[in-house]
Amino acid sequence: MISLLNVIGVGMAVDYDLVVIGATGAGIATAKRAIASGKKVALVQQTGEPLQDQQVLALEKTLLHLAEQSQPMDIAAWVKGAIAPDDFYEPLARLAEAGVDVIPEMGNFVWKPSTCFVTATRRLQSKHYAIATGTTWVTPPQDGFLSPTDLLNPEIWRTLPEKIVLVGHDPYCLTLAYCLAKLGKTVTLTSEKSLLPTEDPDCVQRLQTCLEVAGVTLQFGIIPDLFNQENKAVIWAKERRGLTTQLNLPPDFCQPPQMWLRVDPELRTPRSNIYGVGPVLGGYALPELAIAEATTLVNNMAQRRKMPCVYGEIPYRLFEPLPFDHVGAQGQNLPPDAKILSKTLMIDRVDQLQFPQDLTLKLWLDGQDQLLGATILGDRSGKLIYHCRDLIQTKKPFQTWDNLLENAGLLAEMVW
C-alpha cells in the first residue's frame, strides 16, 4: 500500500506550497503574491541572466526618455546605467528576505515515481508548481543580424550605424522603432503582417501615422533587398518562442512551433497542480497581464473552485509615445448583436504643435449597451481605460459620451 501511494504521489511529504520556475517579471510577481498570502515558496532562477525581460523594459523606458530630449545624449552611458546587471539581482534578494527560497540553478521536471522539480543540488517537491520561464526571441536567420537582447549591451550603441531595419510587429518593436527614429536614426520597420494584428485595424492605422510622423518608414512583407545594403543594421524581432523545451515537459504541455505553454482558463496545464503564468503562455509580454495572471494563479491555489483569469477586465498599454490602451473584447470575440461606437475628441491644450492633439475612443457594446471592450488612443487615455474597465466589471450600460468623460474626470478638458 505504501509503494502504491508513492507511485501516485498521494500522501508524500512536500517541501513547499509553490515552486515558481523562472526569474522573470511574472515569476517574481507570482512568488511575491504567494509569500504574501502565507505560502511556503521557492523560486528556481532557471536562467543565468535573471530578469532579462525587466532589463528590456528598463531599456525601453530609457530610450523613451532620451527620445524626448532636445540635446544629443550619450546613449551607451545611459543604457549602461539603466540596466546594470547587478541591479536585477535585487528583486531576488528582496524575495529571499521575505522568506522565498531563491535557488540560483536550472532544472527540469521528473515525473516518476512522483512529480518533482530537480536542480543540480535540490529535489523540490511541492503542492503546486508555476512555470514562468518567459520567452526568447527567435534566432536571426543570418550572421550579423542583431537580436533585441543584443541592445542590452551598451557597446552596441557605440557602433550602431545610421540606417536600421527592424523586423517585427509587436509592441516592443514599435516602441523601439519610434525611439531609434527620434534619436536620429534612419529606421525602416518591416513585417509580414500588419502591426499589432489582433487589434482594431482603424486604431492601428492611427498608430502607423504616429510612427510615420516620427520618421519611421513602414514596409509590409519581408523585402530581401533591405538586408543586403551595406552600412545597415538589421534587428530581427520577428517572433518569440516560449522557454519550455528545457523543462522535460510531456508533448501535450506545449503548442508548437512557438512552444507556448498550454493552459486552461484557470491557468492550469494538463497536470492540475502545474500552472503557467506570463508571456510563456503566448500573449503580449506586458507587465499588466503577467501581474493579473500571477494574482489569479495564487488565488486558485487556495480555492477548491478555480476561477478563470478574466482577461477582459485587464487594461493594458500597447504603445507609450501615442498612448494606446485596450481593455476587454473586440473583433471575433464579440457576440452577434454587438455594436461599435467611435468618437474623436480634441484636447484643450496650449501646445497645439504636440502630436497627438486629440483623443480617439472606440467602444464595443452588447445589445443592452453594456460595455464589452474599449480601445483609446491619445492623451488622458489612462484615466478613460480604467473607467471603461470599471464599467465592464459593474455591467453598467453606456449612456452618453458626456457621461463617460465626466465620470472619468475629463469632461472639462475636451473641446467638442
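The values are calculated or read from the model by the stated rules, or taken from the named source; none is laboratory data. Since we're looking at a predicted model, the values are computed, not measured. Glycine also receives a Cβ, built like all others from the backbone with ideal geometry; neighbour counts cover every protein chain displayed. When the accessible area is computed, the model is the full protein with side chains, heavy atoms only, and any ligands, DNA or RNA have been set aside. Shrake-Rupley method; radii C 1.70, N 1.55, O 1.52, S 1.80 Å.
Worth a mention:
- Point-to-point label distance, GLN219-MET73, nm (Cα→Cβ direction, 7 Å offset): 3.0 nm
- 1.4 Å probe accessible area per residue over segment 138-199, in Å²: 40 Å²
- Using θ = phi - 60° and Karplus 6.51 cos²θ - 1.76 cosθ + 1.60, couplings along segment 288-305 (whole Hz; Gly, Pro as x): 4, 6, 4, 5, 5, 5, 4, 5, 4, 4, 5, 4, 5, 4, 9, 10, 5, 8
- Value of [θ]222 nm, deg cm²/dmol, for the chain, DSSP H segments ≥ 4, -39500 (n - 2.57) each, nearest 500: -9000 deg cm²/dmol
- Computed in the context of the full set of protein chains, the accessible area of the chain at 1.4 Å probe radius has 51% of its extent on carbon or sulfur.
- Its relative contact order, with pairs defined as Cα atoms under 8 Å and 6+ residues apart, puts the chain at 14 percent.
- Projected label points at THR394 and GLU97, each 7 Å from Cα along the beta carbon direction, are separated by 3.9 nanometres.
- Extension gain, VAL310 to GLU90, is 76.1 nm, computed as 0.36 nm per intervening residue step minus the present C-alpha separation.
- Using alpha-carbon coordinates, inclination of helix 171-182 to the longest axis of the chain, degrees: 40 degrees
- Between 0 and 90 degrees, the angle of helix 201-214 with respect to the longest Cα principal axis of the chain falls at about 70 degrees.
- Exceedance of the 31 Å cut-off in Cα-Cα distance is limited, within the set LYS182/LYS383; LYS80/LYS127; LYS80/LYS193; LYS343/LYS395, to LYS80/LYS127; LYS80/LYS193.
- Cα-based radius of gyration of segment 226-380 once divided by 2.2 N^0.38 Å, which approximates compact folds: 1.35
- Nearby aspartates and glutamates by direct alpha-carbon distance to LYS339 (threshold 20 angstrom, same-chain neighbours under 8 apart not counted): GLU199, ASP200, ASP202, GLU313, ASP325, ASP366, ASP369, ASP390, ASP402
- Put simply, the amide H of LEU166, placed in the peptide plane, has neighbours under 5 Å in THR188, LEU189, THR190, ILE235, leaving out anything fewer than 5 places away on its chain.
- The translational diffusion coefficient of segment 90-193, from Stokes-Einstein at 25 °C and 0.890 mPa s with a Kirkwood hydrodynamic radius over alpha carbon pairs, comes to 137 µm²/s.
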